[in-house]
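Here's the structure we're looking at; comments come further down.
The values are calculated or read from the model by the stated rules, or taken from the named source; none is laboratory data. What you see is a predicted model; the values in this text were computed from it and never measured. Here Cβ is always computed from backbone atoms with ideal geometry, including for glycine, and neighbour counts include all displayed protein chains. The area values use the complete protein model at the heavy-atom level, side chains included, leaving out ligands, DNA and RNA. Shrake-Rupley method; radii C 1.70, N 1.55, O 1.52, S 1.80 Å.
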Amino acid sequence: MSLAQAPTPPNAWRLAPRNAHIDPFYVMEVGKAADQLANQLAVQPGAHHRRVVRLNIGEPDHGAAPAVRQAAAQALQDGALPYTAALGLPELRQRIAQWYTQHHGVTVSPSRVVVTAGASAALQLACLALVGQDDEVLIPDPSYPCNRNFVHAVGGQAVALDCPPEQRYQPTAEQVAQAWGARTRALLLASPSNPTGTSLNWDELERLAQVVRQRHGLLLADEIYTGLSFDPAYGRTALALAPELAEHVISVNSFSKYFGMTGWRLGWLVLPERLVPAVEKLAQNLYICPSTLSQRAALACFEPSSLAWYEQRRLDLQHRRDAVLPRLQAVGLDVPVAPDGAFYIWANCRGLCQRLGIAQTAEAGSWALAFALLERAQVALAPGRDFGQRHTHHFVRLSLASSMDDWQEALLRLESLA
Ligand SMILES: Cc1ncc(COP(=O)(O)O)c(C=O)c1O
């Protein structure tokens, strides 16, 4: 009998069952197709004037502030970069805590701040610490796809809350109260949200926190875009809720977006004090500490020159939003709710699909549109598919993080499509 025909022994290796519950990140497929096309165009004679314009990317084009780059260079010059404490450099935890006082008027003890390898690691630590097998976490639909996969990866169940445009794509207290079951442990939301760029207003956030508190649960507030708020009605951290509510809040944050440090992999958590030891133990074991180089550089994020620079970048994004929004409707991209922060526009693409003769089914819709636009206009955008189930095949996500030049070019190409 050949090896190929031998029966598989029961103890042979196999993928752990949890893998079946992790969805692929489909947006990446569009990114890969855009890269392939860009490579083809680069070697085609005469095609150099036609480049791929990318509106699919969720990272700011500005990068880190100059002082942060200088601090990184200096840290390298200084020599060895040893491990730091698992919870992060004490000076950085202190600086982050001070930022809450300066920026949000909230007192946060540095002992509650845990520096992590991006918000991604922060969310993983929180899920590992708090979500048990078959525990449920309520998550809005649409929302950032990795969040539900963090829950699934630890054996939990992400329960989708249908959040239509009338709710600014955010959950309501009534909805959460109704969906909260015996196994529910937490509500996980992002404000402003990816992919919609829309936020919860303060009263609704308070009501949500009350529902969570009454049920002895936790509010996992993904606040990585809170610094990028365009409207004074929003942009407040859930840590500023009344103390009896804030006790139930875990705030997730990041140096990736507002501070333009995506590839540096640095973020943080603000935890209720009693949860810090459990998360510290996990961090020590899972990755020892976040990058020392990135932490040393990130200290410079809070210098006045850097904060002024970041503030200017936020205003640039706001201007980009204001310049771009009025032109989308005319190309067949309808934006039911204008973003009030982050750098995403969640647009209904029925009109554009119709213009281009693309079927509006769950299998085709925005997914087919993304590939058709790559082929016909060399414009890359993110199809809605990853972000949930609710009508997501009618939606695309466009990123304001792409430069204004790219946007001008993309709009011209979309306008001239037959
Ligand atoms: C809502 C949301 N949460 C978390 C993350 C992960 O961010 P980080 O780069 O800090 O890991 C992202 C990244 O796009 C995001 O959009």
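What to note about this one:
- Cβ-Cβ distance of Glu166 and Gln44, R₀ of 45 Å, FRET efficiency by 1/(1 + (r/R0)^6): the value works out to about 0.45.
- Here the Gaussian network model covers the chain, with springs between Cα atoms less than 10 Å apart; of Asn39, Asn11, Asn285, Asn11 fluctuates the most.
- With contacts taken as Cα pairs under 8 Å at a separation of at least 6 residues, the range 184-329 carries a relative contact order of 18 percent.
- Residue-averaged [θ]222 nm for the chain, counting only DSSP H segments that reach four residues, each worth -39500 (n - 2.57): -12000 deg cm²/dmol
- Probe 1.4 Å, accessible area per residue of the chain, Å²: 44 Å²
- Extending 7 Å from the Cα toward the beta-carbon at both Arg69 and Glu174 defines two label points whose distance is 5.2 nm.
- Note that the chain carries a Kirkwood radius of 22.6 Å, evaluated over its alpha carbons pair by pair.
- GNM remark for the chain: springs join alpha carbons under 10 Å apart, and the peak mean-square fluctuation among Leu374, Leu352, Leu81 falls on Leu81.
- Taking chymotrypsin sites (Phe, Trp or Tyr not before Pro) in DSSP loop conformation with at most 15 other Cβ atoms inside 10 Å as exposed sites, the chain has its longest uninterrupted site-free stretch at 84-418.
- In plain terms, the chain from Gln360 to Ala80 could stretch by 95.1 nm, reckoned as 0.36 nm per residue minus the Cα-Cα distance.
- Simple label model, 7 Å out from Cα along Cβ direction - Leu325 to Arg274, nm: 4.2 nm
- Overall, the accessible surface of the chain at a probe of 1.4 angstrom is composed of carbon and sulfur to the extent of 53 percent.
- Build a GNM of the chain with springs between Cα atoms under 10 Å apart, and of Gln36, Gln167, Gln44 the one that fluctuates most is Gln44.
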